1. Output the residue which, of all residues in the stretch 23-37 that are of a type outside the set (Phe, Trp, Tyr) and surrounded by 13 or more Cβ atoms within 10 Å (Cβ to Cβ), is nearest to residue 73 (Cα to Cα).
2. For the stretch 1-22: of the residues being of a type in the set (Ser, Thr, Tyr) and touching a strand residue (DSSP E or B) at 6+ places or on another chain (Cβ under 6 Å), which is surrounded by the fewest Cβ atoms within 10 Å (Cβ to Cβ)?
3. May I ask you to list the residues in the stretch 15-31 that are touching a Lys or Arg at 6+ places or on another chain (Cβ under 6 Å) and either closer than 13 Å to residue 83 by Cα or free of Cβ contacts under 8 Å to residues at least 12 places away in the same chain (or both)?
4. Within the set of pairs 6+ apart or on separate chains, which have a first residue in the stretch 49-63 that is over 13 Å from residue 78 (Cα atoms) and among the charged types (D, E, K, R), a second that is at pLDDT 95 or above and surrounded by 13 or more Cβ atoms within 10 Å (Cβ to Cβ), and C-beta atoms under 6 Å apart?
5. Kindly indicate the residue of the stretch 1-55 that is out of contact with any Asp or Glu (no Cβ under 8 Å at 6 or more places or on another chain), in a helix (DSSP H, G or I) and of a type in the set (S, T, N, Q) and also farthest from residue 67 (Cα to Cα) among those meeting that condition.
Amino acid sequence: MMTLAFSELAQQELEDARDYYNLQQENLGERFKEHIKESIDNIQEFPLLYPKINDVLYRVVVHKFPYSIFYIVDENRIVIISIAHQNRKPFYQVD
């Protein structure tokens, strides 16, 4: 299995969304994080399965929450670039 890395942005977005959902309803943020983990597990198992949105960037839509995970595949590693709310930023550019 490929190694996994998170950008600082993705880590911050994940924590912010979890905190927001926990404020809305008890344990909702934890359920959000579980859905993110399931999506990331799928990415690790099938990294090239999901649609590319440009030459290097892939996108996975998270089930039950309006979020997408954007990632790149680099040799033996998957880098999670962003965990973005779908209504805020439709995609991210990778340098």
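The values are calculated or read from the model by the stated rules, or taken from the named source; none is laboratory data. Since this is a predicted model, take the numbers as computed values, not measurements. With ideal geometry, Cβ positions are generated from the backbone for all residues, glycine too; neighbour counts draw on all protein chains shown.
1. The first filter runs over the stretch 23-37 and keeps only residues of a type outside the set (Phe, Trp, Tyr), leaving 23-31, 33-37.
Filter once more, keeping what is surrounded by 13 or more Cβ atoms within 10 Å (Cβ to Cβ): 28-29, 31, 33, 35-36.
Values: 28: 30, 29: 27, 31: 26, 33: 22, 35: 21, 36: 18 Å.
Only one residue fits best here, namely 36.
2. Keep residues of the stretch 1-22 that are of a type in the set (Ser, Thr, Tyr), which gives 3, 7, 20-21.
Those left that are additionally touching a strand residue (DSSP E or B) at 6+ places or on another chain (Cβ under 6 Å): 3, 7.
Working: 3: 11, 7: 18.
It comes out as 3.
3. Within the stretch 15-31, the first condition is being touching a Lys or Arg at 6+ places or on another chain (Cβ under 6 Å), and the residues that meet it are 18, 29.
The one that is touching a Lys or Arg at 6+ places or on another chain (Cβ under 6 Å) and either closer than 13 Å to residue 83 by Cα or free of Cβ contacts under 8 Å to residues at least 12 places away in the same chain (or both): 18.
4. So the pair list comes out as 52/58.
5. Step by step, filter the stretch 1-55, then rank; the result is 44.
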